[in-house]
């Protein structure tokens with residue numbers, strides 16, 4: 001928990017720093033449009049909620065924690081394999097905010113996901129729930145890009161090489177999203193020390209909370 005909060009504080013500081021710079025440049029609207037910034041902001045919010053609920057995390061919060069883990073994992077992977085130049089991957093002079101948002105946060109989120117004991121069993125349906133936001137994000141990006149001519153990521157910009165060149169790349173990215181979401185679903189709490197609670201045990205814990213007294 002302590003490490004999770006420390007990472008969340010670092011992420012919040014990085015987002016705040018980049019946001020301040022974007023405001024000074026008059027680019028706030030573009031800044032908040034990047035999937036990286038949105039997923040990292042969601043990580044901070046979910047971390048605060050997890051800390052607030054403590055050991056009695058409801059099922060919806062576990063689903064949200066998994067979703068944020070998935071989004072951050074894809075942030076790191078897309079940055080490494082699609083966005084960043086090859087020579088940048090071995091460098092650490094990309095600015096501390098870039099290191100925190102593109103490297104530290106994704107690794108920390110995935111580590112927390114596999115090391116924290118599960119409190120609720122979830123079916124594969126949550127994979128589709130996790131995928132809903134990226135699909136909406138892509139659709140919204142295309143609609144807004146068609147109106148403004150600006151796209152946050154080159155691989156989403158059909159004006160660079162046409163739809164024929166962009167769609168195969170996007171297809172690979174979406175397939176990677178599906179694969180990573182599936183892997184994370186089945187890896188939840190796999191390396192954790194402690195038992196995985198059954199649904200009945202989870203319900204018993206939830207019903208014994210302060211609100212039930």
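The values are calculated or read from the model by the stated rules, or taken from the named source; none is laboratory data. Bear in mind the structure is a predicted one, so any value in this text is a computation, not a measurement. Here the Cβ positions follow ideal geometry from the backbone for every residue, glycine too, while neighbour counts run over all protein chains shown.
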- [ ] Check off (1) touching a residue at least 40 places away in the same chain (Cβ under 8 Å); (2) more than 23 Å from residue 63 (Cα to Cα) for residue 108 and give me the number that stays unchecked.
- [x] (2)
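Residues are listed down the side, and each one gets a yes or a no for (1) under 15 Å from residue 109 (Cβ atoms); (2) part of a loop (DSSP other than H, G, I, E, B); (3) out of contact with any helix residue (DSSP H, G or I) (no Cβ under 9 Å at 6 or more places or on another chain); (4) modelled with pLDDT of 95 or more:
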site: 10; (1), (2), (3), (4): yes, no, no, yes
site: 13; (1), (2), (3), (4): no, no, no, yes
site: 19; (1), (2), (3), (4): no, no, no, yes
site: 33; (1), (2), (3), (4): no, yes, no, yes
site: 38; (1), (2), (3), (4): yes, no, no, yes
site: 72; (1), (2), (3), (4): yes, no, no, yes
site: 81; (1), (2), (3), (4): no, no, no, no
site: 97; (1), (2), (3), (4): no, no, no, yes
TODO: Hey, could you check region 111-124 for residues that are in contact with a helix residue (DSSP H, G or I) (Cβ under 6 Å, 6 or more places away or on another chain) and buried (at least 18 other Cβ atoms within 10 Å of the Cβ) and say which is farthest from residue 61 (Cα to Cα)?
DONE: 112
- [ ] Only residues that are in a helix (DSSP H, G or I) and free of Cβ contacts under 8 Å to residues at least 40 places away in the same chain: list them for region 117-143, please.
- [x] 125, 128, 132, 135, 136, 138, 139, 140, 142, 143
- [ ] Could you pull out the residue among 49, 45 that is part of a helix (DSSP H, G or I), under 14 Å from the mean Cα position of the chain (by Cα), surrounded by fewer than 17 Cβ atoms within 10 Å (Cβ to Cβ) and without any contact (Cβ under 8 Å) to a residue 24 or more places away in the chain?
- [x] 45
